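The values are calculated or read from the model by the stated rules, or taken from the named source; none is laboratory data. Quick caveat, the model's predicted, so the values are computed rather than measured. Note: ideal-geometry Cβ built from the backbone for every residue, glycine included; neighbour counts use all protein chains shown.
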Amino acid sequence: MASVTVDTSAADAVTAKGVKPPRLAPNYWPFVVPALVVIGAVIVFPWVFTLWMSVNSWTLGQEQTFIGLDNYIRLAGDMRFWESMWHTALYTVLSVVAPLFLGTLAALVFDGQFPLRGFLRGVFVMPMMATPVAIALVWTMMFHPQLGVLNYLLSLVGIGAQEWIYNQSTVIPSLVLVETWQWTPLIMLIVLGGLAAVPREPYESAEIDGANAWQKFRYLTLPMIAPFLMIAVIIRSIDAVKSFDIIYAMTQGGPGTASETINIYLYNTAFAYYDIGYGSAMAVVFFVVIVALSFVLMMVRARTNWADMEDR
Amino acid sequence: MTSPFWTPTRRNFLAGSAALGAAGLVGARPASAAVDWKKFAGTTLEVNLVKSPRGEILLKYMKDFEALTGIKVNAEATPEQQQRQKTTIELSSGRPSFDVVHLSYHVQKRQYEKGKWLADLSGFFKDPSLTDPSMVEGDFAEAGLKFAKDADGTLRSLPFSVDYWIVYWNKELFDAKGLKYPTSFEEMVSTAEALTDKSTNTFGFVARGLKNANTPVWTSLMLGYGATPIVDGKVASDSKEAVEAAKMYQTLMTKAAPVGVSGFNWAEAQSAFLQGKVGMWFDGVGFAPPIENPEKSRVVGKTGYSVIPKGPAAQAAGTFGDGLGVTAASTKKEAAYLFCQWAISHEMGAHLLQAGAGVPYRQSILDDAAVRKGVTMPGEWVDAVVASGKVSQLALPVIIPVTEFRDIYGVALTNMIGGADPAAELKKAGEQFAPVLARSEG
């Protein structure tokens, strides 16, 4: 049996940022091999294969040929690709900001004491339990310009019929409306958790100092729930940027390409046009963008944690 | 209740076929020739179908085929888009998991040919021990044979169901305005505009506006101008005729169609027509059954079914269709061929037509008075089908990148509904599509 020895002298090394993990002796590594094999097969191999396909011209049913960086050069000049990147950015930002604002507001409301609070909280979180495609079908009917209930409700207050997802200029805000409806409860739950952890004493001091409700929120509540908001932003951003089901089921990226995000374009390229090489190049570029976004979000999150704020 | 056209016995099947042959509806093969339907008894076939009314008919009567042949069938039916993806991926791997595949000719024909994914059925078709005497080329609509044969004339599949585009029109709205069904494109546009009254939410025309789905509307109209978007393998979508067809599409969709039509696929267009507030709906014959269903429709008994009016150059019904092929990789080709043959037999064609699920390519079925009697749709619908068959033309180009073609031109057409100039949009789309087309055959 392989023996495990740990160099304990290394464990004593303490830096200002924390404790360094112990340095392991070389005969420990066989135990890591199964995990490495799984990671290699499930994560590394698909990525290496995707990279390889991205430098090939490969359409299903045709010969595969090595073309170097041609797919990437083609991407650079593909207006539909850049348009889809812009749609992705717009959709992501709106799908993060709107639920964040409404979810925080809802959390502040549900943090108070009022009759039927528990029941109403239950009702409020129900949208996030529904299946996205089912939601998409229901909302598609609601958005229908002639038969939809939304235009009927607008007509009751004298507002004319809107085209919602059936118009190029209103399709993204309409899709964001659905996304917001579904995911505001998640933000509410996260922020509610943050509010439960907020100490009462600072509020008592603030009240003695004569702070009004807005000042208490701005200078006490908001900084104290900031780490929770950041977690909510990260979760929502990841979710929104890879959003596919609702958009595909409701508009398939249309009208025209007005709601075509990079995921939809990538899907069409690979599985409707069967242009696997070009689709792979798109996936690689999108992956780089996601990694960059993740780094930015992780850095921002690091700046908002309580320990660091105390250091400042 | 057992259908008068089909009982699951070999004897009845052969007797029916022989009777057709004797009636002279079909031709040439000797009536004494007999298919040995039991030759492959004990074989198991894997069949990949599209989940659609047409696929459902095959599934419904599958037991009849098993009883007739002793062949066991494992059938899988998936929705159209997913089925296309799955079959393409499997066929390109060289080892498909199925022996028989249901394909949409208007999308997959050229792709399948280039990939050499389908077996040559020419020999089987000529073999009297495998092919029923009633099955002769002369019995099939011309479009079906064009679809089923490759560029060299080799039979690669059997034509299963054809979809002609016709005009559904609301007689009540026409009567209210004292209008008659148009006889020309010009009249079609003026009638659509005359029927439109936005104050009462009534519109003269509806068709697909959604990207990709809308392209066949334009290409079908283009046939009336005597043009096609691809000529001799080159993009010809900015021709005068193509632009005229696009202008007609733009006029109909902006001046006479409901609000939000740029997001309409066939389902939304159908819903609008079923509400009784749309004068004309231009789409495939296969979407007719809900129109005469009182639970779904407000236009039951009020709908006219007609061939598209004559264009400036021709009267042409845009034609699309499905077929059934045997995979080149199959080790059970003859048994698989028997399945395809059964699926397009007189009896199965009758079931297809009578249910309104599709239209067989075989004229002998459409002409059979007994079959027509059992059709649940109005006689006018069958007349429109038969008349469309006489002016049938393929509405989409036979190329590999059909989906890109539909997407790129679909965006252009959607932009036209938004007010963009048809000539400029078609020129831009042509520039975009030309390299895609070149790459596909390169």
| message | When you scan region B:255-278, do you find a residue that is more than 14 Å from chain A (Cβ to nearest Cβ), not in a loop (DSSP other than H, G, I, E, B) and not basic (K, R), even just one? | response | no
| request: State whether the residues of region A:276-289 include one that is buried (at least 22 other Cβ atoms within 10 Å of the Cβ), on the phi > 0 side of the Ramachandran plot and at pLDDT 90 or above. | output: no
| query | For region B:83-127, how many residues meet the condition of being farther than 21 Å from B:T331 by Cα and away from chain A (no Cβ under 14 Å)? | reply | 2
| remark: Given (1) buried (at least 18 other Cβ atoms within 10 Å of the Cβ); (2) of a type in the set (S, T, N, Q); (3) touching an Asp or Glu at 6+ places or on another chain (Cβ under 7 Å), B:S129 misses just (1)
| request: Of the numbered conditions (1) modelled with pLDDT of 95 or more; (2) out of contact with any helix residue (DSSP H, G or I) (no Cβ under 9 Å at 6 or more places or on another chain), B:L179 fails exactly one; give the number of that condition. | output: (2)
| Any idea which of (1) more than 31 Å from the chain's Cα centre (by Cα); (2) within 14 Å of chain B (Cβ to nearest Cβ); (3) at pLDDT 85 or above is the one A:V33 doesn't satisfy? | (2)
| What helices (runs of 4 or more DSSP H) completely inside region A:217-312 contain at least 1 residues that are without any contact (Cβ under 8 Å) to a residue 12 or more places away in the chain and assigned by TED's automatic domain parsing to the domain that holds A:T170? | A:222-241, A:276-304, A:306-311
| request: Under 7 Å between Cβ atoms, at least 6 apart or on separate chains: pull out the pairs that start in region B:301-317 with a residue that is farther than 11 Å from B:L223 by Cβ and end on any residue that is among the charged types (D, E, K, R). | output: B:K302/B:K171; B:K302/B:E172; B:T303/B:K171; B:G304/B:K171; B:G304/B:E380; B:Y305/B:E380; B:P309/B:E187
| request: Assess whether B:S52 counts as being more than 14 Å from every other protein chain (Cβ to nearest Cβ), small (G, A, S) and more than 25 Å from B:K38 (Cα to Cα). | output: yes
| note | If we keep only residues of region B:246-287 that are more than 22 Å from B:G419 (Cα to Cα) and of a type in the set (S, T, N, Q), then the residue surrounded by the most Cβ atoms within 10 Å (Cβ to Cβ) is B:Q270
| said: Any residue that is among the polar types (S, T, N, Q) and touching a residue at least 40 places away in the same chain (Cβ under 8 Å) - is there at least one of those in region B:266-273? | reply: no
| task | Please indicate, with yes or no, whether at least one residue in region B:129-143 is more than 14 Å from chain A (Cβ to nearest Cβ) and without any contact (Cβ under 8 Å) to a residue 60 or more places away in the chain. | result | yes
| task | Scan region B:61-84 for residues that are surrounded by fewer than 16 Cβ atoms within 10 Å (Cβ to Cβ) and touching a residue at least 40 places away in the same chain (Cβ under 8 Å) and report the count. | result | 2
| note | The one condition A:Y203 fails out of (1) out of contact with any Ser or Thr (no Cβ under 8 Å at 6 or more places or on another chain); (2) touching a residue at least 60 places away in the same chain (Cβ under 8 Å) is (2)
| said: Among the listed residues A:L36, A:L60, A:L51, A:L105, identify the single one that is free of Cβ contacts under 8 Å to residues at least 60 places away in the same chain and farther than 25 Å from A:I246 by Cβ. | reply: A:L36
| query | Is it the case that some residue within region B:320-331 is aliphatic (A, V, I, L, M), under 20 Å from the mean Cα position of the chain (by Cα) and crowded, with 23+ Cβ neighbours inside 10 Å? | reply | yes
| field | Of all residues in region B:197-219 being of a type in the set (V, I, T) and within 14 Å of chain A (Cβ to nearest Cβ), the one that is surrounded by the most Cβ atoms within 10 Å (Cβ to Cβ) | value | B:V206
| Taking region B:91-121 as the region of interest, how many residues are more than 23 Å from the chain's Cα centre (by Cα) and free of Cβ contacts under 8 Å to residues at least 40 places away in the same chain? | 2
| remark: Condition set outside any loop (DSSP other than H, G, I, E, B) and among the acidic types (D, E), scope region A:199-216, selection surrounded by the fewest Cβ atoms within 10 Å (Cβ to Cβ): answer is A:E201
| What is the residue count in region B:43-63 for residues that are modelled with pLDDT of 95 or more, outside any strand (DSSP E or B) and touching a His at 6+ places or on another chain (Cβ under 7 Å)? | 1
| Residues in region B:182-193: is at least one more than 25 Å from A:M142 (Cβ to Cβ), touching a Phe, Trp or Tyr at 6+ places or on another chain (Cβ under 7 Å) and at pLDDT 95 or above? | yes
| remark: Note on B:Y337: of the conditions (1) over 19 Å from the mean Cα position of the chain (by Cα); (2) surrounded by fewer than 19 Cβ atoms within 10 Å (Cβ to Cβ), unmet is (2)
| What are the residues in region B:263-297 that are over 23 Å from the mean Cα position of the chain (by Cα) and over 19 Å from B:A357 (Cβ atoms), if any? | B:Q275, B:G276, B:K277, B:V278, B:G279, B:P294
| said: So, B:A246, is that one under 23 Å from the mean Cα position of the chain (by Cα) and more than 14 Å from every other protein chain (Cβ to nearest Cβ) or not? | reply: yes
| query | Which condition breaks for B:Y181 when tested against (1) touching a residue at least 60 places away in the same chain (Cβ under 8 Å); (2) more than 30 Å from B:T251 (Cβ to Cβ); (3) among the aromatic types (F, W, Y)? | reply | (2)
| request: Need at least 2 residues that are modelled with pLDDT of 95 or more and either within 14 Å of another protein chain (Cβ to nearest Cβ) or farther than 29 Å from B:R54 by Cβ (or both) per element, so show me which helices (runs of 4 or more DSSP H) inside region B:330-442 make the cut, counting only ones lying wholly within it. | output: B:402-417, B:422-441
| message | It is to be established whether one or more residues within region B:425-440 are under 30 Å from A:E260 (Cβ atoms), of a type in the set (F, W, Y) and in contact with a Phe, Trp or Tyr (Cβ under 9 Å, 6 or more places away or on another chain). | response | yes
| query | Just to be sure, is A:L195 in contact with a helix residue (DSSP H, G or I) (Cβ under 9 Å, 6 or more places away or on another chain), within 30 Å of A:I135 (Cβ to Cβ) and surrounded by 13 or more Cβ atoms within 10 Å (Cβ to Cβ)? | reply | yes
| query | Residues that are away from every other protein chain (no Cβ under 14 Å) and more than 19 Å from the chain's Cα centre (by Cα): which helices (runs of 4 or more DSSP H) entirely in region A:83-196 hold 3 or more of them? | reply | A:117-124, A:149-156, A:171-196
